Amino acid sequence: MAAVAAAACRGEHYGASDFVLPEKSSVVLLAASSYRADMAGLISQGLALLQPVVKGRRVLLKPNIVEYEAGTIINTHPAVIAGAVEAFRRAGAREVVVGEGPGHRRDTEYLLAASGLADYLRELRTPYVDLNLDDVRTCMLRSRFMGLDQLMLPVEVLKADLVVSMAKLKTHHWAGMTAAMKNLFGVVPGAVYGWPKNMLHNKGIDAAILDLNATVRQTFTIVDAVIAMEGDGPIMGTPRACGFLAMGADLVAVDATCARIMGFDPRKLRYLREASEFLGNVEPDRIAQRGEDPARFSTTFGVIDRLKRFQRRG
């Protein structure tokens, strides 16, 4: 009876026939001791191992750009973003665009200039789109965890053949962690839903993560964990050197791998536990780890008290 009840509950949130879990998901970890590493070469190596369809496609790189304060590590490092631009071009992408909808600062020009990303994009002649202000279209949600049928999303996201979540690995004071999946918050237009994406927070962060990842499906991820954030993330935490990039087409599997490296139990994170039912793989025996062994980077992140419940025991 419990299993039937659980299935009925899940049926309220998504149609099981709309989603097929992969038998096994590949996650690539690549060592990068600093941002001076050959990021384009490393990301090209990851693409060669994972072989996503890139040739002839329009690729949207969606970094995590929230705030800028000198000396902090809040955002995806511009060297990683620039390396991805070059790597996807080498792989034959028809066009590569960078786009983000920052959740706090509305002055995107300031963020790009202060973070140094503007210089990289200018040198690479790469366009940037402010997803907060882009034209929007109504999109039907493919799951209903927030209790909504539809959401307005930027045209730039909807016309991309491949949306690459270029996340920064950080603790998150409500969701536990923020990586590939949570980073899709930035595709929701602030001009429609407010800053800092008020509607998503009101409907529940875990629910919003699930609905966005169920709906934006042509995805891939590159997680910047060269220097991550521990403590009171995603803004007020402290730097934690981890020394790797994580890549994969299954954002659930990449997040689960990153969670384990951080010392979290993925099953204790609600959004990953729910996502494992229909979006991607969480269990180690269904994740093929490629590149470096996760044990090389395994550690225990410092966390604030409310996040201790997510940590592994024993």
The longest stretch of the chain containing none of the GluC sites (Glu not before Pro) that sit in a DSSP loop with at most 12 other Cβ atoms within 10 Å is 70-314
Calculate, for residue 90 and residue 305, the FRET efficiency according to 1/(1 + (r/R0)^6) with r their C-beta to C-beta distance and R0 30 Å; round to the nearest 0.05. 0.10
Once phi is turned into ³J(HN,Hα) by the Karplus curve 6.51 cos²θ - 1.76 cosθ + 1.60 with θ = phi - 60°, what whole-Hz value does each residue of the stretch 113-119 show in order, with x for glycine and proline? 5, 5, 6, x, 5, 4, 5
Computed about the Cα centre, the charge dipole of the stretch 84-126 from +1 Lys/Arg and -1 Asp/Glu charges at the Cβ has a magnitude in debye, to the nearest 20, of 160
Using a Förster radius of 41 Å, what is the FRET efficiency between residue 69 and residue 16 based on their Cβ-Cβ separation? Nearest 0.05, please. 0.40
Between residue 33 and residue 119, take the C-beta separation as r, use R0 = 30 Å, and let me know the FRET efficiency to the nearest 0.05. 0.85
Compute the distance from the alpha-carbon center of the stretch 231-279 to that of the stretch 91-161, in whole Å. 22
Restricting to Cα pairs below 8 Å that are 6+ residues apart, what does the relative contact order work out to for the stretch 40-139? Please round to a whole percent. 32
Straight distance only, please: which aspartates and glutamates reach the Cα of residue 168 with their own Cα at less than 12 Å, same-chain residues fewer than 8 apart left out? 224, 230, 255
Net +/- balance of residues flanking residue 313 in space, Cβ distance below 13 Å, scoring K and R +1, D and E -1: +4
Could you tell me which of the pairs 159/268; 182/308; 55/203 are separated by over 27 angstrom between their Cα atoms in the structure shown? 159/268; 55/203
Sum -39500 (n - 2.57) across every DSSP H segment of at least 4 residues in the chain, then divide by the residue count to get the 222 nm mean residue ellipticity, nearest 500. -8500 deg cm²/dmol
To check you understand DSSP bridge types, tell me what percent of the beta bridges within the stretch 1-160 (both residues inside) are antiparallel, rounded to 5. 45
Counting DSSP beta bridges with both partners in the stretch 158-288, what percentage is antiparallel, nearest 5? 70
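All of the numbers you see were taken from the coordinates with simple rules; none came from a lab. Everything quoted here is computed from the prediction, not taken from an experiment. Cβ: placed from backbone, ideal geometry, glycine included. Neighbour counts: every protein chain shown.
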